[in-house]
Amino acid sequence: GENVEQHPSTLSVQEGDSAVIKCTYSDSASNYFPWYKQELGKRPQLIIDIRSNVGEKKDQRIAVTLNKTAKHFSLHITETQPEDSAVYFCALGSQGNLIFGKGTKLSVKP
Amino acid sequence: DAMVIQNPRYQVTQFGKPVTLSCSQTLNHNVMYWYQQKSSQAPKLLFHYYDKDFNNEADTPDNFQSRRPNTSFCFLDIRSPGLGDAAMYLCATTGYGFYNEQFFGPGTRLTVL
């Protein structure tokens, strides 16, 4: 079945630095690519999403880029803050469902 | 302004004792999902309803069943919980078109003794 590879599995950055998480996929028919943030013990929450007719989308310090030819999409967080520390999941819209990557644990050190 | 509500938030059951988890939503969304999430893992889809149409994932054990009596409510029944079923169970909803945000409930943490 469809698979989403997410890297890295853990990422530690200094406050103020940028963080980049990348996901690759194989289903060329996919056209929806959301990113979810999950803090410890809490529900996943959508932070940004992109559809296949757009190459890049930005929301304040968060941006997502999509390369449909290469089949990868990335989350970029600039000027990281300690409250950005969480697990981030990329996901792929496929046949009406979401297929999640394995997650990236981001730690932002003050 | 709660949108997706799950009860209970914490459930303790004994090995083999049936348990039911509930989910309700105020969004009037037609699609409802049940996910299982184990520690340090991604949510794993168990099944979903598109209106009343039930869709089971191929690798969801028979031990897991679901009911959706109306648009607002959906239940997850675990007929004979095993130790391996201890996890967080997340309910999510989305509106028509699928490729829209899935709204997650706060989850039910299931412990099996």
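Bear in mind that the values in this text are calculations on the coordinates, not laboratory data. Owing to the predicted nature of the structure, the values given are computational and were not obtained by experimental measurement. Quick reminder, even Gly has a Cβ in these numbers, built from the backbone with ideal geometry, and neighbours come from all protein chains shown.
Relative to the Cα centre, what is the charge dipole magnitude of chain A, using +1 at the beta carbon of each Lys and Arg, -1 at the beta carbon of each Asp and Glu, and rounding to the nearest 20 debye? Walk me through the numbers on the way to the answer.
On the way: 13 positive and 12 negative charges, 33 e Å.
The calculated dipole for chain A is roughly 160 debye.
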- prompt: So for the stretch B:6-103, taking the charge dipole from beta-carbon charges (+1 Lys/Arg, -1 Asp/Glu), which of B:13, B:102, B:43 sits furthest toward the positive end?
  reply: B:13
- prompt: About its Cα centre, what dipole magnitude does the protein assembly as shown give when the only charges are +1 on Lys and Arg Cβ and -1 on Asp and Glu Cβ, stated in debye to the nearest 20?
  reply: 300
- request: Quick one: divide the alpha-carbon radius of gyration of the stretch A:1-51 by 2.2 N^0.38 Å and tell me what you get.
  value: 1.35
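Starting from the Kirkwood Rh over alpha-carbon pairs, what translational D in µm² s⁻¹ does chain B have by Stokes-Einstein at 4 °C and 1.567 mPa s?
92
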- prompt: When the Karplus curve 6.51 cos²θ - 1.76 cosθ + 1.60 is applied with θ = phi - 60°, which whole-Hz ³J(HN,Hα) does each residue of the stretch B:10-21 get, with x for Gly and Pro?
  reply: 9, 9, 10, 9, 9, 3, x, 8, x, 9, 10, 10
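With a cap of 14 neighbouring Cβ atoms within 10 Å, and only residues DSSP puts in a loop, list the trypsin sites (Lys or Arg not before Pro) found in the stretch B:5-113.
Working: sites: B:9, B:38, B:44, B:52, B:67, B:79, B:109; in loops: B:9, B:38, B:52, B:79.
Passing sites in the stretch B:5-113 are B:9, B:38, B:52, B:79.
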task: Taking the Cα atoms of chain A, report the difference between the largest and smallest coordinate on each principal axis, in whole Å and largest first.
output: 41, 27, 20
query: Per-residue HN-Hα couplings for the stretch A:50-58, Karplus 6.51 cos²θ - 1.76 cosθ + 1.60 at θ = phi - 60°, whole Hz, x for Gly and Pro?
result: 9, 10, 5, 8, 10, x, 8, 9, 10
query: Lys/Arg Cβ at +1, Asp/Glu Cβ at -1, dipole of chain A taken about the Cα centre: which of A:55, A:19, A:76 is farthest positive-ward?
result: A:55
- prompt: Near the amide H of residue A:12, under 5 Å away, which other amide H atoms are found, from residues 5 or more places off or on another chain, if H is placed in the peptide plane?
  reply: A:107
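With N denoting the number of residues in the protein assembly as shown, provide Rg(C-alpha) divided by 2.2 N^0.38 Å, to two decimal places.
Here the Cα radius of gyration is 1.03 times the empirical estimate.
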field: Listed residues A:41, A:29, B:29: farthest to the positive end of the dipole of the protein assembly as shown (Cβ charges)
entry: A:41
